Amino acid sequence: MFKKVILTIMLVMGLALPVYAHLTGAFADFLAIVYDESTIDKLKDEMKATEKEIAALEPQVESLETAFKQDQGLAVDQLQFYSDVGLDTWLAMTENGEDIVDIQGNYWLIEQQIDAYLEELNTLYLSFKQLEAAKNALEGHQELLGMIEKNIQARATYLAENEGLGLEQIANYLDIDWTAEIEDHIIAGIERDNKRINEELTHWVVAQPDGTYRLSGEWLNTESDLSYYFRADHVYMVYERPEGHVILIGQVLQNKDGQSASLILEEGFYNGFFLPKELLEELIPFTLSYETLKNLDGVEQPYLTQKDGYLQLQTK
């Protein structure tokens, strides 16, 4: 629809664009705006947003890393203290013939100190996990940024390789290349992922200390021909072959029946060109069955939210 609106505006304004009544193929609607940079504004916006997220995360990671190292030093010192004097102190109390009341009192004091030490260790662990999450998010943003840049560069390369050709030829070549080199392979890859997810869904889910569950992008990527990038705003699927580079953008949303959630694609880009709707509709990503997720401990009414690096499963 967006492409057709742009084309209509151009024609109304009287621009000298050729009309190819006989043109067929999925990329036909894209023909008249093949050189229009606005067709990849979405990718450019995502690249800028990712760069901003990286810039915002970097000082946070540095701050967390400094705090973590400080906490780590305190924990090591405390551990060394109990290792050096803890047992000796206890033996000294018993050897000095102190009565049971004194021994119990001293034991209570040592117990309180150990509890405080364990609390410090817990704080240290939480600090570490926060640092780890920030670093993972930063690394994920950087990797996604590289993929977006590669897709945009593929557009420039494609146009340079076909310089001097008419728009009709370029549009037809896009259609032919997609059909011959990409379409069957990416569909097969997505179908394999869907089959694995359907059969191994509970293996994908990992319980967390806070009682929630996570479905990490890392697990999915280990055996996939595609690369999945989970972020709080969108999920990105990247498919790459020597013949072409594809980015698919969508969200994990609950289906109308309330019995499952699916990754719903919103847009796609092939070598930096906007993927026509009819081709996008052929690419059907995974669906997560609530009935299967209910087999997990404590999960009665599952729902999923997107996070940086994973999907979070909770229960209402």
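Rule-based calculations on the coordinates, nothing more; no lab input. No experiment lies behind these values; they were computed from the predicted model shown. Here the Cβ positions follow ideal geometry from the backbone for every residue, glycine too, while neighbour counts run over all protein chains shown.
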ask   = Which of Thr222, Ile186, Phe269 sits closest to the plus end of the dipole of segment 163-306, meaning its Cα is farthest towards the positive end, when Lys and Arg get +1 and Asp and Glu get -1 on the C-beta?
value = Thr222
ask   = Ranked highest first by average number of other Cβ atoms within 10 Å, how do 158-165, 219-226, 234-241 line up?
value = 234-241, 219-226, 158-165
task = Quick one: compute the contact order of segment 168-315, relative version, from alpha carbon pairs under 8 angstrom and 6+ residues apart, as a percent.
result = 24
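Which net charge results for the neighbourhood of Asp233, defined as the other residues with beta-carbon distances under 10 angstrom from its beta-carbon, given Lys and Arg at +1 and Asp and Glu at -1?
Working: positive: Arg231; negative: Glu46, Glu53, Asp308.
Residues near Asp233 contribute -2 overall.
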ask   = To one decimal place, what orientation-averaged projected area in nm² is obtained for the convex hull of the Cα set of segment 170-258?
value = 8.0
